[in-house]
Amino acid sequence: MYYLYIIESIECGRWYIGISENPERRLREHNSGKTRSTKPYQPYRLVYSEEYKTKTEARKRELQIKKSGIIRKQLRGRISNYGSIV
């Protein structure tokens with residue numbers, strides 16, 4: 001299984017959207033500074049995930065979210081109402 005995940009910087013609220021077979025492990029990698037694009041905004045928390053059978057499906061959804069401000073806005077609203085959706 002593959003997961004689309006969204007992590008949020010605890011310090012500034014910045015989002016990172018990615019895919020992984022293991023979102024919890026990937027979160028640890030982000031928080032340990034192993035990802036250059038997220039290193040300056042540590043620490044992060046996992047706020048959202050979706051499960052997919054294939055990497056292709058997960059990647060398609062990742063690109064859909066990254067390209068659509070409307071989808072990101074809807075997700076931000078859902079996440080802010082519930083604290084996280086994992």
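Read-outs throughout are calculated quantities, based only on the coordinates presented, and are distinct from any laboratory measurement. As the structure is a prediction and not an experimental result, all values here were calculated from the model. Please note: Cβ atoms are built from the backbone with ideal geometry, for glycine as well, and neighbour counts cover all protein chains shown.
Okay, here's what the table says:
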| item | result |
| --- | --- |
| Taking the chain and dividing mean pair separation by its residue count, relative contact order in percent (alpha carbons under 8 Å, at least six apart) | 34 |
| Phi-based couplings in Hz for the stretch 44-49 (Karplus 6.51, -1.76, 1.60; Gly and Pro marked x) | 10, 10, 6, 10, 7, 8 |
| Point-charge dipole on Cβ atoms (K/R +1, D/E -1) for the stretch 2-82, about Cα centre, debye to 20 | 280 |
| Distance (nanometres) between label positions extended 7 Å along Cα→Cβ at L63 and N22 | 2.8 |
| Net charge of Cβ neighbours under 14 Å - reference L27; Lys, Arg +1; Asp, Glu -1 | +2 |
| Most mobile of R36, R59, R14 in a GNM of the chain (Cα contacts under 10 Å) | R36 |
